[in-house]
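What follows is one structure encoded as structure tokens, with my remarks underneath.
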Amino acid sequence: MPRSRITYTGKVQGVGFRATAASIAARFEVTGWVRNEPDRSVLLEVQGDDGELAAFREALRERMRGNIKGETHLPAGEVQGEVGFEIQR
């Protein structure tokens, strides 16, 4: 199953980005996590089929469009048995 590691930059910390990502993820058949990074970016890993991943990413982009200035995607290895989407601290 495809998994992406996405780094978001811009005004993405202190604006509810992680909670928004988790809320949006609940609407799609995806699993993964999101966390703040020390460099003020947000790192997200998300796994699901291609259509669900694309829809999740688009919904998050749309909702946080005023905050995201950059978005970098890298493939990540599949995580077997992962359930749900969580906010990491």
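Every number here is computed from the coordinates shown, using simple stated rules; none is lab data. This structure is a prediction, so every number in the text was calculated from the model and none was measured. Counting neighbours? That spans all protein chains shown, and the Cβs are built from the backbone with ideal geometry, glycine included.
For segment 72-79, the condition of being of a type in the set (S, T, N, Q), surrounded by 11 or more Cβ atoms within 10 Å (Cβ to Cβ) and under 18 Å from Arg3 (Cα atoms) holds for at least one residue.
Does at least one position in segment 16-23 carry a residue that is of a type in the set (S, T, N, Q) and under 16 Å from Arg5 (Cα atoms)? Let's see the steps before the verdict.
Initially, segment 16-23 is screened for residues of a type in the set (S, T, N, Q), giving 20, 23.
Restricting the remaining residues to those that are under 16 Å from Arg5 (Cα atoms) gives none.
Scanning segment 16-23, I find no residue that is of a type in the set (S, T, N, Q) and under 16 Å from Arg5 (Cα atoms), so the answer is no.
Restricting attention to segment 7-30, the residues that are surrounded by fewer than 20 Cβ atoms within 10 Å (Cβ to Cβ), β-branched (Val, Ile, Thr) and closer than 17 Å to His73 by Cβ total 2. Evaluating Val15 against the criteria (1) on the phi < 0 side of the Ramachandran plot; (2) touching a residue at least 24 places away in the same chain (Cβ under 8 Å); (3) in contact with a strand residue (DSSP E or B) (Cβ under 9 Å, 6 or more places away or on another chain) leaves one unmet condition, (3).
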